[in-house]
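Q: Structure below; questions to follow.
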Amino acid sequence: MKRGIALGVLVGILCLVGTAWAAYPEKPVTVIVPSNAGGGTDTMARLVAKFAEEYLGQPMVIVNKPGAGGQIGFESIARAKKDGYTIGCIYTPHVAAHVSAGRAKYTLDSFAPIANVVTDPGVLVVKADSPFNTVEELIAFAKENPGKLNGSTSGPGGDDDFALRQFEKAAGISINAVPSKGSSGQKAAVMGGHVDLAFMNASQVEAQVDSGELRLLGIMTVKRRSYLPELPTFKEMGYEVYSDSSRGFAAPAGVPEDVMAKLMEVFDKVLKDPEFISASQGQLLLDILNADEYTMYLKNLQKTTDEAFKVAPW
């Protein structure tokens, strides 16, 4: 008798749990953005959230938690309740760079990747009236004038700093790295003639290139990009230099499988939505990766940043 009652209670509990998961979401979902409002990650998050609400059936509330190169926001995502009602954006290489440096209170295993949305390739940019018209001219100057070439970066541990170090090694030259306050500081340094060049992301300089204030000399991708067909890759110039910054979504590790499945379904629908794709034009450089692909990308990146940290700690 008692055994039958206990079994009945257990079945009832399991049914209730199953019903709760099946009903997800029953309230708004918070999306933590580890950067200020108005930046590239924030723009991506708000556009995706706008379309996701239709498929999710609940509002998605953006909460900006900037600071420490994204570390504050990343840690907030990792520590969030594992019920699917708090997810967030992660961006590279910062999310991995903090782990490599031993500063992070998380590892990549603290996250359950949902989807990557954007990959913003690295480019080498100079002032419009720069005497350098090609990468080869820049390299020749650096070899003839050691210690005279200055390049702006956002600081140690960023994708632009990785790119600069790769380029130095591949070309056999030395560049004085000059840290600036974010992408706006980098652009100001180049346009003001305070530095000779900067390694940045394509979307960060699109407006200034279009207006004729800056010029691009090369892109750090395996193949040329369709939206910059005339811009040569470093690879085709003979230099193994690759750099990009990705932006995607993740939940804290440990969210129930049913809830994760729902989130992945919602994001899959959004990222295939023709209206979303149309709205992204001119705003986002879409590079869609599903959860498995995104997880592999992040694992490989962690290996890269770990190796880079051993050579040049930040």
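The values are calculated or read from the model by the stated rules, or taken from the named source; none is laboratory data. Just so it is clear, the structure is predicted and the values come from calculations on it, not from any experiment. Note that each Cβ is placed from the backbone with ideal geometry, even for glycine, and that neighbours are counted across all protein chains shown.
Q: So which residues in the range 210-231 are in contact (Cβ under 8 Å) with a residue 24 or more places away in the chain and in a loop (DSSP other than H, G, I, E, B), if there are any at all?
A: The first filter runs over the range 210-231 and keeps only residues in contact (Cβ under 8 Å) with a residue 24 or more places away in the chain, leaving 212-221, 225, 227-228, 231.
Gly212, Glu213, Met220, Thr221, Arg225, Tyr227, Leu228, Leu231, listed by residue number.
Q: To continue, here is another question. Somewhere in the range 55-66, is a residue part of a loop (DSSP other than H, G, I, E, B), loosely packed, with under 13 Cβ neighbours inside 10 Å and modelled with pLDDT under 90? Reasoning before the result, please.
A: In the first step, residues of the range 55-66 are kept if they are part of a loop (DSSP other than H, G, I, E, B); the result is 57-59, 65-66.
Of the ones still in play, those that are also loosely packed, with under 13 Cβ neighbours inside 10 Å are 57.
Next, only the ones that are modelled with pLDDT under 90 stay: none.
No: the range 55-66 contains no residue that is part of a loop (DSSP other than H, G, I, E, B), loosely packed, with under 13 Cβ neighbours inside 10 Å and modelled with pLDDT under 90.
Q: What residue, among those in the range 136-164 that are assigned to a loop (DSSP other than H, G, I, E, B) and in contact (Cβ under 8 Å) with a residue 60 or more places away in the chain, is surrounded by the fewest Cβ atoms within 10 Å (Cβ to Cβ)? I'd like the intermediate steps shown before the answer.
A: Here is the first cut: in the range 136-164, the residues assigned to a loop (DSSP other than H, G, I, E, B) are 145-149, 154-158.
From what's left, in contact (Cβ under 8 Å) with a residue 60 or more places away in the chain: 155-158.
Values: Gly155: 16, Pro156: 18, Gly157: 24, Gly158: 23.
If we take residues in the range 136-164 being assigned to a loop (DSSP other than H, G, I, E, B) and in contact (Cβ under 8 Å) with a residue 60 or more places away in the chain, then Gly155 is surrounded by the fewest Cβ atoms within 10 Å (Cβ to Cβ).
Q: Kindly check whether there is at least one residue in the range 235-245 that is in contact (Cβ under 8 Å) with a residue 40 or more places away in the chain, among the hydrophobic types (A, V, I, L, M, F, W, C) and either surrounded by 15 or more Cβ atoms within 10 Å (Cβ to Cβ) or under 30 Å from Ala78 (Cα atoms) (or both).
A: The answer is yes; a qualifying residue exists.
Q: A further question follows. For the condition out of contact with any helix residue (DSSP H, G or I) (no Cβ under 7 Å at 6 or more places or on another chain), part of a helix (DSSP H, G or I) and at pLDDT below 95, what is the one hit in Ala207, Ala261? Quick ask: steps written out before the conclusion?
A: Numbers: Ala261 fails: at pLDDT below 95.
Selected residue: Ala207, the only one of Ala207, Ala261 that is out of contact with any helix residue (DSSP H, G or I) (no Cβ under 7 Å at 6 or more places or on another chain), part of a helix (DSSP H, G or I) and at pLDDT below 95.
Q: Between residues in the range 105-118 that are in the same structural domain as Ile90 (by the TED database) and residues that are among the β-branched types (Val, Ile, Thr), which pairs lie under 6 Å by C-beta distance while being six or more apart or on different chains?
A: Thr107/Val99; Ala112/Val255; Pro113/Thr295
Q: May I ask you to verify whether Ile277 is surrounded by fewer than 22 Cβ atoms within 10 Å (Cβ to Cβ), outside the structural domain of Thr153 (by the TED database) and in a strand (DSSP E or B)?
A: Working: surrounded by fewer than 22 Cβ atoms within 10 Å (Cβ to Cβ): yes; outside the structural domain of Thr153 (by the TED database): yes; in a strand (DSSP E or B): no.
The answer is no for Ile277.
Q: How many residues does the range 67-92 contain that are in a helix (DSSP H, G or I), touching a residue at least 40 places away in the same chain (Cβ under 8 Å) and closer than 24 Å to Ser203 by Cα?
A: Within the range 67-92, the first condition is being in a helix (DSSP H, G or I), and the residues that meet it are 68-79.
Next, only the ones that are touching a residue at least 40 places away in the same chain (Cβ under 8 Å) stay: 69, 73-74, 76-79.
Within this subset, residues satisfying the condition of being closer than 24 Å to Ser203 by Cα are 69, 73-74.
Total satisfying the criteria: 3.
Q: Out of all the residues in the range 280-314, which are surrounded by fewer than 16 Cβ atoms within 10 Å (Cβ to Cβ), of a type outside the set (D, E, K, R) and closer than 21 Å to Ala52 by Cβ?
A: Matches in the range 280-314: Gln281, Gly282, Gln283, Leu286, Asn290.
Q: I would also like to ask the following. Among the listed residues Leu285, Leu271, identify the single one that is more than 30 Å from Ile139 (Cβ to Cβ) and in contact (Cβ under 8 Å) with a residue 40 or more places away in the chain.
A: On the way: Leu285 fails: more than 30 Å from Ile139 (Cβ to Cβ).
Just a single option satisfies the conditions, and that option is Leu271.
Q: Using the structure shown, decide if Phe162 is among the aromatic types (Phe, Trp, Tyr) and either closer than 21 Å to Arg247 by Cβ or assigned by the TED database to the domain that holds Ala291 (or both). First the steps, then the outcome.
A: Working: among the aromatic types (Phe, Trp, Tyr): yes; either closer than 21 Å to Arg247 by Cβ or assigned by the TED database to the domain that holds Ala291 (or both): yes.
Yes; evaluated as a whole, the condition is true for this residue.
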